[in-house]
Amino acid sequence: MKTMNHSFPPIKDLEEMRERKGIVNVLLPKNASFLDEMKYEICQKILAYQQDNHLTYEQIAHSLGLPLSQTIEILRGNFTTLSLDTLVNSVEVLNLPLTVKIIEDKSKTVIPFIN
């Protein structure tokens, strides 16, 4: 019988991973409304901007003119606590391109597409 060798990272690496500050992203539910899908996609766009530009949570919050707690909710994709106005304003402040197209799929469901 073959024995399995499950190797784990060294303790030093595990401790470092545990100490890292990070946020947990929220997933879009399968039954999300049109509005929720739009808000989620905008949150993802802002998160991509933050990561692409290597900005800290504090830096992006300052750029947006929002409290840190609200900015973290945007970066997590927690759209339930955010208004569409706040998200669109954030995209405008960051000067990000935003195009909203409404595409009808085969099941006659309207799907937002944000570019």
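Could you go through the stretch 74-91 in sequence order and give the Karplus-derived ³J(HN,Hα) for each residue, using 6.51 cos²θ - 1.76 cosθ + 1.60 with θ = phi - 60°, rounded to whole Hz, and x for Gly and Pro?
Karplus values, whole Hz, x for Gly and Pro: 4, 5, 6, x, 7, 6, 5, 9, 10, 8, 4, 4, 4, 5, 5, 4, 4, 4.
Return Lys12, Lys39 ranked ascending by Cβ neighbour count within 10 Å, so the fewest neighbours appear first.
Listed from fewest to most nearby Cβ atoms, that is Lys12, Lys39.
Read-outs: derived from the displayed coordinates by stated rules, not from any lab. Computed from a prediction, not measured in an experiment: that's the story for all the values here. Backbone-built Cβ (ideal geometry, glycine too); neighbour counts: all protein chains shown.
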